[in-house]
Amino acid sequence: MLLPLCYLGLAKAAGTTQVTLYALAIAFIGNAGYAPVLIFLNERFPTSLRASGTGLSWNIGFALGGMMPTFVSLASASTAQLPMSLAIFSAVIFVIYLIGALSIPETRGNFH
């Protein structure tokens, strides 16, 4: 949940040093999320379908994520509201992932 706070902090950054630190934090936190998502997707499919299922899911996720700037822009009435909209969208996506991770059963030993 640090990513939405970084977006809000970046909007209020006063100097280039603060902008740089927030941008680095956003890049680090945003990219750190890739590892658990890929592991999560790999475990969703049996071995015979793992590569195709993971690849398709991964790329659908990138397609939806690539549309996020459009949705954020449409949800914001002005450019001043972009950071808050981005923070809200990021928090909602985090909650959706968390619900999925907690509600899907363990797959260990279930595939034959």
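The values are calculated or read from the model by the stated rules, or taken from the named source; none is laboratory data. Here the structure is a predicted model, which is why all the values come from computation and not from measurement. FYI the Cβ positions are ideal-geometry reconstructions off the backbone, even for glycines, and counts take in every protein chain you see. To get the accessible areas, we keep the full protein, side chains included, count just its heavy atoms, and leave off ligands, DNA and RNA. Shrake-Rupley method; radii C 1.70, N 1.55, O 1.52, S 1.80 Å.
A few comments on the model shown:
- Of all residues in the range 75-85 being open to solvent by less than 90 Å² (accessible area, probe 1.4 Å) and among the small types (Gly, Ala, Ser), the one that is farthest from Leu3 (Cα to Cα): Ser78
- Meets criteria (surrounded by fewer than 11 Cβ atoms within 10 Å (Cβ to Cβ) and more than 22 Å from Ala80 (Cα to Cα)) for Ser52: yes
- Flag if Ala25 is touching a Leu at 6+ places or on another chain (Cβ under 9 Å), at pLDDT 90 or above and part of a loop (DSSP other than H, G, I, E, B): no
- Scanning the range 1-22 for residues that are in contact with a helix residue (DSSP H, G or I) (Cβ under 8 Å, 6 or more places away or on another chain), more than 18 Å from Phe89 (Cβ to Cβ) and open to solvent by less than 60 Å² (accessible area, probe 1.4 Å) turns up just one, Ala13.
- Looking across Ile88, Ile104, Ile93, one residue alone is exposed (fewer than 14 other Cβ atoms within 10 Å of the Cβ) and either among the aliphatic types (A, V, I, L, M) or touching a strand residue (DSSP E or B) at 6+ places or on another chain (Cβ under 7 Å) (or both). It is Ile104.
- Qualifying positions in the range 64-74 - open to solvent by 60 Å² or more (accessible area, probe 1.4 Å) and in a helix (DSSP H, G or I): Leu64, Pro69, Thr70, Phe71, Ser73, Leu74
- Taken over the range 28-63, the criterion of being among the hydrophobic types (A, V, I, L, M, F, W, C) and not in a helix (DSSP H, G or I) is satisfied by Phe45 alone.
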